[in-house]
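Below is one structure, written out as structure tokens, with a few remarks after it.
Readers should treat all values here as calculations from the given coordinates under stated rules, not as data from a laboratory. These numbers come from a predicted model, not from an experiment. Cβ placement follows ideal geometry from the backbone for every residue including glycine, while neighbour counts extend to all protein chains displayed.
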Amino acid sequence: MSKHALVFILVGLVAFFSSAAQAGLVSFHSDAVSTWSPSGAVVTQGLSSLAVADVAITAEAKSTFTITTTATNESGFTWTGYILSLDRQGDATFVGGTAGSTKFETVEYPDLWTIEFWAPKAVLPGQVVTLQFELSIPDSVPYTFTLAQQPIPEPTTIAILGLGSLFLLRKRKDV
């Protein structure tokens with residue numbers, strides 16, 4: 001067998017196994033507004049507070065799949081960052097190096113269950129931020145996990161809220 005034929009066969013095998021490994025999403029359900037196709041899912045929601053917003057997801061994938069989440073800032077505070085996290089007791093994990101955002105260019109993966117988005121832009125009240133990332137989940141049966149989303153307010157807002165709280169406590173002691 002010639003070297004060219006051997007290379008051709010190897011390239012064909014790699015292409016075959018790569019396409020099999022990139023199989024798509026089999027099922028998806030979210031308690032937030034969502035749509036899905038074999039290539040991934042889109043989750044859309046408005047966040048009206050700075051508290052953690054949980055989305056319960058049940059999905060079955062033949063391998064990793066892409067989630068795009070779009071959040072509207074309805075909190076009244078400017079967001080300078082955003083944190084996504086998965087419940088650690090489950091088998092779902094983020095795929096490192098796959099995340100991106102329409103506002104935040106700095107992406108960090110502190111562990112397999114957390115993605116942190118930062119800088120350079122902020123998400124003002126009323127604006128929308130879109131985050132995209134890949135998840136890896138067990139592929140044997142539909143699997144339920146929680147995606148927690150936490151917008152991070154700008155430091156000035158936190159300082160003003162803290163000073164206001166101190167002022168109220170002092171005022172309360174004076175009475």
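So here's what we get for this one:
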item: Kirkwood hydrodynamic radius of segment 23-166, from inverse mean 1/r over distinct Cα pairs, in Å; result: 15.6
item: Most to least packed among 47-53, 76-82 [average Cβ atoms within 10 Å]; result: 76-82, 47-53
item: Radius 14 Å from Cβ of THR78, net charge of other residues (Lys, Arg +1; Asp, Glu -1); result: 0
item: Net charge, PRO151 excluded, C-beta distance under 15 Å - Lys, Arg +1, Asp, Glu -1; result: -2
item: Relative contact order (%) - criterion: Cα under 8 Å, at least six apart; region: segment 23-166; result: 30
